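Every number in this text was worked out from the coordinates using simple rules, so none of it is lab data. From a predicted model like this one, the values you see are computed outputs, not experimental measurements. Every residue, glycine as well, gets a Cβ built from its backbone with ideal geometry; the counts of neighbours run over all protein chains shown.
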Amino acid sequence: MTAQTTSSNDRVIIFDTTLRDGEQCPGATMTFEEKMEVANLLDTMGVDVIEAGFPIASDGDFEAVYEIAKRTKNAVVCGLSRAGAKDIDRCAEAIKPAKQGRIHTFLSTSPLHMKYKLQMEAAQVYELVISSVTRARNHTDNVEWSSEDGTRTEFDFLCKCVEAAIKAGATTINIPDTVGYAVPEEYYNLIKSVRERVPNSDKAVFSVHCHNDLGLAVANSLAGINAGARQIECTINGIGERAGNAALEEVVMAINVRNDKLKYFTQIDTTMLTRASKVISAATSFPVQYNKAIVGRNAFAHESGIHQDGMLKNAQTYEIMRPETVGVKQTSLVMGKHSGRHAFIHKLEELGYKLAQNQLEDAFVRFKALADRKKDIYDEDIEALVDQEIAQSHD
Ligand code: KIV
Ligand code: ZN
């Protein structure tokens, strides 16, 4: 399922922004120690770029980025900065101790943002793209430039800014879907057309950064990769502004499981995904929805009798990936009113019971009656019920 027969041109860079875009959303603030733990985990699991924070935002953010830059062993450590000189210089200072550091500078390019947010003319924005990237390049040769609200930017102007950013030395060009407005085909066409139109576009890695306002962040990210982008910006559990960002575990597993269609690969150790999800959930106190893809508690759980029966015959009947590949010990067959005889017998075997046929039939009837009354059936409930059955059949 996970065979990788791809060339290095098919390697997708995973840029994690849990500590920046993720932490930026209401209620997700993490302590310094929690940030250190998260950064260490991201580095260990093979994330390529850790966006560690927004150094100008506060002294706390600066300290965290600085410390992560100092401690990180493998990943590039990136700080975010607006286009102003003070922002860029502060960011450069924060990433200074990194083995590999990156300045990520951004500027809005859509008519709406330029008029109302920046209150600037397009010509001024264009000049600022050049001066900001040039300033960042004077600090480091690893500079990412983002056109904020890129998907609502007028196409010719977007291309003009991207061209200028590359000329000024940006090595990564990010076209964010800042408000989660794009649909996959449209985003595919945008990334493809910008890459085709801009001279020297091959001098930079194109990046996708998709928000989830319409629930399309992962689909859009994958469409962007199909169009030639090679970096995905994402967060653990998909946390981030408003409805969040593309979920790291989802993009990574989509690439991993559907390697037949998505002929790319990442260097993420997928067996760490569940742990990462738990760590982020604990640090932010954001619960993970039960049916969340990959890391939700029901992602590898089955209750219906038909599905449990299928799973006991061959796991591929109802699972497209093995739970161990994402760090879950095993599939769980949850006992409930939808469970069938086959799963019940399997559970008894697991619990070490061997019943005579008549005992088994009686125990199954009791189990169904209990499951109708009780929502959650635990192993102890089944043990009690079977022990009772055994005791009665000896009377
Ligand atoms: O959503 C966005 O546009 C951003 C940028 C700062 C990259 O987070
Ligand atoms: Zn964002």
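Per-residue 3J(HN,Hα) values for the range 101-106, derived from phi via the Karplus relation 6.51 cos²θ - 1.76 cosθ + 1.60 with θ = phi - 60°, read x, 9, 9, 10, 10, 9 Hz in sequence order (x marks Gly and Pro).
To make sure I understand the rule: partners must be aspartates and glutamates, Cα under 13 Å from the Cα of Lys192, and not fewer than 8 residues away in the same chain. Which ones qualify? Straight-line reach from Lys192, under 13 Å: Asp202. Here Lys117 and Lys278 are evaluated by their C-beta separation; at R0 = 35 Å the FRET efficiency comes out at 0.45. The simple spin-label model puts a point 7 Å past each Cα toward its Cβ; for Gln100 and Lys86 those points are separated by 3.3 nm. Ranking Gly150, Met45, Ile68 by Cα position along the charge dipole of the chain, where only Lys, Arg, Asp and Glu carry charges on their C-beta atoms, puts Gly150 farthest toward the positive end. Potential lengthening of the chain between Glu383 and Glu185 amounts to 65.9 nm, from the contour at 0.36 nm per residue minus the alpha-carbon distance. Sum up the charges of everything whose Cβ sits under 10 Å from the Cβ of Ala282, counting Lys and Arg as +1 and Asp and Glu as -1, but leave Ala282 out. With Lys, Arg at +1 and Asp, Glu at -1, the net is -1. Treating r as the C-beta distance of Asn314 and Asn358 and R0 as 35 Å, the FRET efficiency rounds to 0.70. Were the residues from Ala301 through Arg373 laid out at 0.36 nm apart, the gain over their Cα-Cα distance would be 23.8 nm. Applied to the range 84-100, the Karplus parametrisation 6.51 cos²θ - 1.76 cosθ + 1.60 on θ = phi - 60° returns per-residue 3J(HN,Hα) values of x, 4, 4, 4, 5, 5, 5, 5, 4, 5, 5, 8, 3, x, 5, 4, 9 Hz, with x for Gly and Pro. How charged is the neighbourhood of Glu163? Take every other residue with its Cβ under 11 Å from the Cβ of Glu163, and add Lys/Arg as +1 and Asp/Glu as -1. Cβ neighbours under 11 Å give a net charge of +3. Relative to the current alpha-carbon distance between Ser393 and Gln124, full extension at 0.36 nm per residue lengthens the span by 88.1 nm.
Considering only Ala85, Pro26, Ala315, and ranking their Cα positions along the charge dipole of the chain that arises from unit charges at the beta-carbon of Lys, Arg, Asp and Glu, the one farthest toward the positive end is Ala85. Other residues within the sphere of radius under 11 Å centred on the Cβ of Phe300, judged by their own Cβ, net out at +1 (K and R +1, D and E -1). Averaging the sequence gap over all C-alpha pairs within less than 8 Å and six or more residues apart, then dividing by the number of residues, gives the chain a relative contact order of 14 percent. Here the label points at Ala243 and Glu324, each 7 Å from Cα along the C-beta direction, are separated by 3.7 nm in the simple model. The distance separating the Cα centre of the range 9-88 from that of the range 313-337 comes to 34 Å. Annotation for Asn291 and Glu350: the two label points, set 7 Å from Cα along the Cα-Cβ direction, are 2.2 nm apart. Could you list the residues of the range 108-134 with an amide nitrogen less than 20 Å from a label point located 7 Å from the Cα of Lys203 in the Cα-to-C-beta direction? The answer is 126-134, whose backbone nitrogens lie closer than 20 Å to the label point.
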